[in-house]
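**Q** So that we are looking at the same thing, I have put the structure below in structure tokens.
The values are calculated or read from the model by the stated rules, or taken from the named source; none is laboratory data. Owing to the predicted nature of the structure, the values given are computational and were not obtained by experimental measurement. We place every Cβ from the backbone using ideal geometry, glycine too, and count neighbours over all the protein chains shown. The accessibility values were calculated without ligands, DNA or RNA, using every heavy atom of the protein model including side chains. Shrake-Rupley method; radii C 1.70, N 1.55, O 1.52, S 1.80 Å.
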Amino acid sequence: MGKGSNVQKAQAARERNQKKLGKSDEERRAASAKATKDATAFICGVCKQAFMVNARPPVLYLHYTAKHDGQCLPQECFPVLADFDTADPKGEKKAAADALKMKEEAAAKKKKAAGNDLGDLLSAGLTIGKKAKKKYGKK
């Protein structure tokens, strides 16, 4: 087997030892910094309560209504709530309206592009349609 076998064994042993050691100091510091940043992603401007990064606007609005309703505006608690619609807390109506607007824009763009292509073809003297295929062998 020769030297190749020993090299592979040594490399496998090094990899096993690396796995046993775990994360390096740099990796630990980076992970800790990310966890700290994520844990304090949203902080209430009035009572300084922290919310994690995965807290959605409905949860933040619920905090506002439960703790600070009437004392201040929702934007003072969380700047994210500036464009929050209480009638549509999940944002489904807004998303549907945006999707409809995008669809209409795409249809208008497609219609405009199709009209230009046809005009260009006709002005160039080309016809639209398939060419008749010649049949060989039978007369």
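**Q** Quick check on my filter: what residues within segment 10-44 are closer than 30 Å to L62 by Cβ, open to solvent by less than 100 Å² (accessible area, probe 1.4 Å) and not small (G, A, S)?
**A** T36, D38, T40, F42, I43, C44
**Q** Consider only pairs whose beta carbons are under 8 Å apart and that are at least six residues apart or on different chains; among these, list those whose first residue lies in segment 4-20 and is touching a residue at least 12 places away in the same chain (Cβ under 8 Å) and charged (D, E, K, R) and whose second residue is part of a helix (DSSP H, G or I) and surrounded by 10 or more Cβ atoms within 10 Å (Cβ to Cβ).
**A** As it stands, the answer is none, since no pair meets every condition given.
**Q** Right, here's the next one. Would segment 112-133 turn up any residue that is in contact with a helix residue (DSSP H, G or I) (Cβ under 8 Å, 6 or more places away or on another chain), within 23 Å of D38 (Cβ to Cβ), modelled with pLDDT under 80 and open to solvent by 100 Å² or more (accessible area, probe 1.4 Å)?
**A** no
**Q** Looking at segment 46-55 only, could you name the residues that are surrounded by fewer than 14 Cβ atoms within 10 Å (Cβ to Cβ) and within 24 Å of G91 (Cα to Cα)?
**A** A50, M52, V53, N54
**Q** Output the residues belonging to segment 10-42 that are assigned to a helix (DSSP H, G or I) and of a type in the set (S, T, N, Q).
**A** Passing the criteria: Q11, N17, Q18, S32, T36.
**Q** Another question, if that's okay. What's the number of the condition A96 fails, among (1) over 30 Å from R56 (Cβ atoms); (2) modelled with pLDDT of 80 or more; (3) open to solvent by less than 100 Å² (accessible area, probe 1.4 Å)?
**A** Here A96 clears every test but (1).
**Q** Separate question: When you look at V7, is it open to solvent by less than 100 Å² (accessible area, probe 1.4 Å), in a loop (DSSP other than H, G, I, E, B) and among the hydrophobic types (A, V, I, L, M, F, W, C), yes or no?
**A** The answer is no for V7.
**Q** State which residue pairs qualify: first residue without any contact (Cβ under 8 Å) to a residue 60 or more places away in the chain and over 18 Å from T40 (Cα atoms) and inside segment 52-70, second residue open to solvent by 50 Å² or more (accessible area, probe 1.4 Å) and aliphatic (A, V, I, L, M) in any location, beta carbons under 9 Å apart, and separation of 6 or more residues or different chains.
**A** As it stands, the answer is K67/V46; H68/V46, since those pairs meet every condition given.
**Q** Tell me yes or no: at least one residue of segment 84-92 is touching a Cys at 6+ places or on another chain (Cβ under 7 Å), at negative phi and open to solvent by less than 70 Å² (accessible area, probe 1.4 Å).
**A** No, because not a single residue in segment 84-92 is touching a Cys at 6+ places or on another chain (Cβ under 7 Å), at negative phi and open to solvent by less than 70 Å² (accessible area, probe 1.4 Å).
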